[in-house]
Amino acid sequence: MQKVTLGNTSLLVSQLCFGALPMGPLQRDMPPKQGAQVIRHALDRGVNFIDTAQVYRTYEHIRLAKEGCPQEIIIATKSYAETYNEMQAAVEEALTELDVDTLGIVHLHAARMGPELFEKRSGALRCLVDCKKRGIIQAVGISTHTVAAVRAAARRDDIDVIFPLINVRGQGIRGGSREEMAEAIFEAHNQGKGLYAMKVYAGGNLLQDRRGALDYVLGLPGMNVVAIGMVDEKEVDMNLHLLKGENVDAKSPHYVPITSKKLIVSRFCKGCGSCVEACPNQALALSNGKARVDEELCILCGYCNPVCPEFAIRMV
Ligand code: SF4
Ligand code: SF4
């Protein structure tokens, strides 16, 4: 597995970052032991980089996966903490639950916020800078869907790593186009920031052309690492083969078919109604401010998924 140094940090990470979100209770809700086996499968094949977050609740999956693992593992986590004390508690929680002495990266979990986040969450950021000085964390980061936040982070000395949302469809990018996000990423790279990409398959919408989705992101100047959420050993193998440049089509032994069985609306639904309008089968309706699916009417066509600005709709 090819390794890449993240910007001006000393973090040498695998090109494939294991995204731990989908196995947690927000999505698949796999038992920690079962999730750990999938992560360990990746670790045993050269992946040394895992991305998680305080809200994903997958620390136990990761802790079990790394037990007895001989290689150094770089864990990135993130927190919505705003104040110094909240962030300190989040870092301590991660250290304890992951059973580690240091964390690779801790991000301000920013997602939809713009550059104002640096003012609103200055206490949390100050805590991360202090943790880095004390050697508890190796790098300070920001995870974001917003072009302006990437641009602002690129110019700050206290940010080492940026985890931006980017994909070939531009789905989910806030405050700009796909091209504008790509420019912001390049600007950050030129400023010495480490970068790895989020939502390269656009929450599952680009799985029909995995090769094209990966080639687009890894072809962007300054972007060499992708975080991909995985819940199955076969998915790990397929992504590893794709990252080796192989064409994993339906004839390949490493091909994992897209098994869309059920539509799930997560708690991140904001009740905007866009999916309801997009559904050609009247299978979605708003109830108590959330979208609800009528499984009898849903034909799993997927028309609703791309219109959700919150990535709240998933097929599992
Ligand atoms: S588009 Fe997304 S956020 Fe809007 S109602 Fe549907 S599921 Fe909720
Ligand atoms: S998958 Fe298709 S049928 Fe099902 S809720 Fe979405 S748009 Fe409607």
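Looking at the stretch 3-243, the DSSP beta bridges with both ends there are about 10 percent antiparallel. Could you identify which residue out of V168, V225, V200 has the top mean-square fluctuation in a GNM of the chain using Cα springs shorter than 10 Å? Per the Cα network of the chain with a 10 Å cutoff, V168 tops the list.
For the stretch 1-93, give the magnitude of the charge dipole about the Cα centre (Cβ charges: +1 Lys/Arg, -1 Asp/Glu; no others), in debye to the nearest 20. Working shown, then result.
Working: 9 positive and 10 negative charges, 82 e Å.
Result for the stretch 1-93 is approximately 400 debye, rounded to the nearest 20.
Calculate the FRET efficiency for T5 and E72 from the Cβ-Cβ distance with a Förster distance of 22 Å, rounded to the nearest 0.05.
Working: r = 14 Å, r/R0 = 0.63.
Given R0 = 22 Å and the Cβ-Cβ separation, E is 0.95.
Summed over all non-identical Cα pairs, the Kirkwood treatment of the stretch 3-243 gives a radius of 17.5 Å. Of E187, E60, E119, the residue with the greatest mean-square motion in the GNM of the chain, using alpha carbon springs below 10 Å, is E119.
What the phi angles of the stretch 283-295 give under the Karplus curve with 6.51, -1.76 and 1.60, with θ = phi - 60°, is a coupling list of 8, 10, 8, 8, 9, 6, x, 10, 6, 10, 9, 9, 5 Hz, glycine and proline written as x.
In units of 2.2 N^0.38 Å, what is the alpha-carbon radius of gyration of the stretch 131-244? Provide the component values of the computation, followed by the final result.
On the way: Rg = 14.5 Å, N = 114, 2.2 N^0.38 = 13.3 Å.
Ratio of Cα Rg to 2.2 N^0.38 Å: 1.09.
Dividing the mean sequence gap of close Cα pairs (under 8 Å, 6+ apart) by how many residues the chain holds gives a relative contact order of 15 percent. List residues of the stretch 215-232, by number, whose backbone nitrogen lies under 16 Å from a label position 7 Å along Cα→C-beta of Q34. Inside the label zone: 230-232.
Which net charge results when you count Lys and Arg as +1 and Asp and Glu as -1 among the other residues whose beta-carbon is under 13 Å from that of R178? Computed value for this residue: 0.
With the Cα gyration tensor of the stretch 181-291 giving a ≥ b ≥ c as the square roots of its eigenvalues, does the rule (a/c under 1.5 for rounded; else a/b larger than b/c for prolate; else oblate) give rounded, prolate or oblate? Write down the numbers at each step before the final one.
Values: a/c = 2.58, a/b = 1.34, b/c = 1.92.
Cα axes put the stretch 181-291 in the oblate bin.
Based on the Kirkwood radius over alpha-carbon pairs, what is the Stokes-Einstein translational diffusion coefficient of the stretch 263-315 at 20 °C with 1.002 mPa s viscosity, in µm²/s? Rounded, D is 202 µm²/s. Taken as Cα centroids, the stretch 1-71 and the stretch 209-254 sit 16 Å apart, rounded to the nearest whole angstrom. A dipole drawn for the chain from +1 and -1 charges on Cβ atoms has a positive end, and of L300, A42, Y216 the residue lying farthest that way is L300.
Extension gain, N247 to D99: 0.36 nm times the residue separation minus the Cα-Cα distance gives 49.5 nm.
Helical runs assigned H by DSSP (4 residues or longer) give the chain a calculated mean residue ellipticity at 222 nm of -9000 deg cm²/dmol, each run adding -39500 (n - 2.57) before division by the residue total. Taking N288, N305, N247 as the candidate residues, the one with maximal mean-square fluctuation in a Gaussian network model of the chain, Cα springs under 10 Å, is N288.
Which one, S14, S177, A188, projects farthest toward the positive side of the charge dipole computed for the chain from Cβ point charges (K/R +1, D/E -1)? So the residue furthest toward the plus end is S177.
We did not get these values from a lab; they are worked out from the coordinates using the rules stated. All figures in this text were calculated on a predicted structure; none of them were measured in a lab. Using ideal geometry, Cβ is built from the backbone for each residue, glycine included, and neighbour counts are taken over all protein chains shown.
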